[in-house]
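Participant: Right, I'll just put the structure down here and ask away after.
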Amino acid sequence: MNIPENLKYTKDHEWVKIDGDTATVGVTDFAQEQLGDVVFVEVETEGESLQKGDVFGTIEAVKTVSDMYMPISGEVAEVNPKLEDAPETVNEDPYGEGWMIKIKVDNKDELNDLLSADDYKNEVE
């Protein structure tokens, strides 16, 4: 299982990459593996300010539909346009081209609540 060291993680199986005041968010390798083949990603919250823990969208796989939760508070600044036509990108490259959203971060202190790679590894093993 791939758990990059340079990312932060949530117990809801999302990863967060911080670049200045922007956080890129996606689902982890573990999550996409558990879901199976991703067939649809829906995010209708672009431009909205959401709180940590709020639902920002859904991910649909052959077996199930799951909510995706904001790992930190902020504005959903961008949604990955590739996922509309190629949702399978989440399965193929969950930490790269398969990202979900970019957030304009409201409160960087919330980043301290996220899991390190080692902590996340302990959650899923």
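Participant: Are there any pairs with C-beta distances below 8 angstrom linking a residue in the range 1-23 that is closer than 18 Å to residue 101 by Cα to a residue that is part of a loop (DSSP other than H, G, I, E, B) and open to solvent by 50 Å² or more (accessible area, probe 1.4 Å), with the two at least 6 apart or on different chains, and if so which?
Facilitator: 17/6
Participant: Before we move on, is residue 45 assigned to a loop (DSSP other than H, G, I, E, B), open to solvent by less than 40 Å² (accessible area, probe 1.4 Å), over 15 Å from residue 121 (Cα atoms) and of a type outside the set (A, V, I, L, M)?
Facilitator: Numbers: assigned to a loop (DSSP other than H, G, I, E, B): yes; open to solvent by less than 40 Å² (accessible area, probe 1.4 Å): yes; over 15 Å from residue 121 (Cα atoms): yes; of a type outside the set (A, V, I, L, M): yes.
Taking the combined requirement at face value, the residue satisfies it.
Participant: Of (1) outside any strand (DSSP E or B); (2) of a type in the set (D, E, K, R); (3) within 15 Å of residue 15 (Cα to Cα), residue 67 satisfies all except one. Which?
Facilitator: (1)
Participant: If you take the residues in the range 76-92 that are of a type in the set (A, V, I, L, M) and part of a helix (DSSP H, G or I), which one is surrounded by the fewest Cβ atoms within 10 Å (Cβ to Cβ)?
Facilitator: Filtering the range 76-92 down to residues of a type in the set (A, V, I, L, M) leaves 76-77, 79, 83, 86, 90.
Then drop every residue that is not part of a helix (DSSP H, G or I), which leaves 83, 90.
Details: 83: 24, 90: 26.
The qualifying residue surrounded by the fewest Cβ atoms within 10 Å (Cβ to Cβ) is 83.
Participant: Does residue 59 satisfy being hydrophobic (A, V, I, L, M, F, W, C), in contact with a helix residue (DSSP H, G or I) (Cβ under 9 Å, 6 or more places away or on another chain) and either crowded, with 17+ Cβ neighbours inside 10 Å or modelled with pLDDT of 95 or more (or both)?
Facilitator: Details: hydrophobic (A, V, I, L, M, F, W, C): yes; in contact with a helix residue (DSSP H, G or I) (Cβ under 9 Å, 6 or more places away or on another chain): yes; either crowded, with 17+ Cβ neighbours inside 10 Å or modelled with pLDDT of 95 or more (or both): yes.
When the stated conditions are applied, residue 59 passes them.
Participant: In the range 1-42, what count of residues is obtained for those that are in contact with a Pro (Cβ under 8 Å, 6 or more places away or on another chain), assigned to a strand (DSSP E or B) and either over 17 Å from residue 110 (Cβ atoms) or open to solvent by 30 Å² or more (accessible area, probe 1.4 Å) (or both)?
Facilitator: Of the residues in the range 1-42, 7 are in contact with a Pro (Cβ under 8 Å, 6 or more places away or on another chain), assigned to a strand (DSSP E or B) and either over 17 Å from residue 110 (Cβ atoms) or open to solvent by 30 Å² or more (accessible area, probe 1.4 Å) (or both).
Participant: Can you name the residue in the range 93-125 that is of a type in the set (D, E, K, R) and part of a strand (DSSP E or B) and, of all such residues, is nearest to the chain's Cα centre (by Cα)? Explain how you work it out, then say what you get.
Facilitator: Step one: filter the range 93-125 for residues of a type in the set (D, E, K, R), giving 93, 97, 102, 104, 106, 108-110, 113, 118-119, 121, 123, 125.
Of the ones still in play, those that are also part of a strand (DSSP E or B) are 102, 104.
Values: 102: 9, 104: 14 Å.
Checked the range 93-125; the qualifying residue nearest to the chain's Cα centre (by Cα) is 102.
The values are calculated or read from the model by the stated rules, or taken from the named source; none is laboratory data. Fair warning: this is a prediction, and the values are worked out from it, not measured in the lab. Using ideal geometry, Cβ is built from the backbone for each residue, glycine included, and neighbour counts are taken over all protein chains shown. SASA here: full protein model, heavy atoms, side chains in, ligands and nucleic acids out. Shrake-Rupley method; radii C 1.70, N 1.55, O 1.52, S 1.80 Å.
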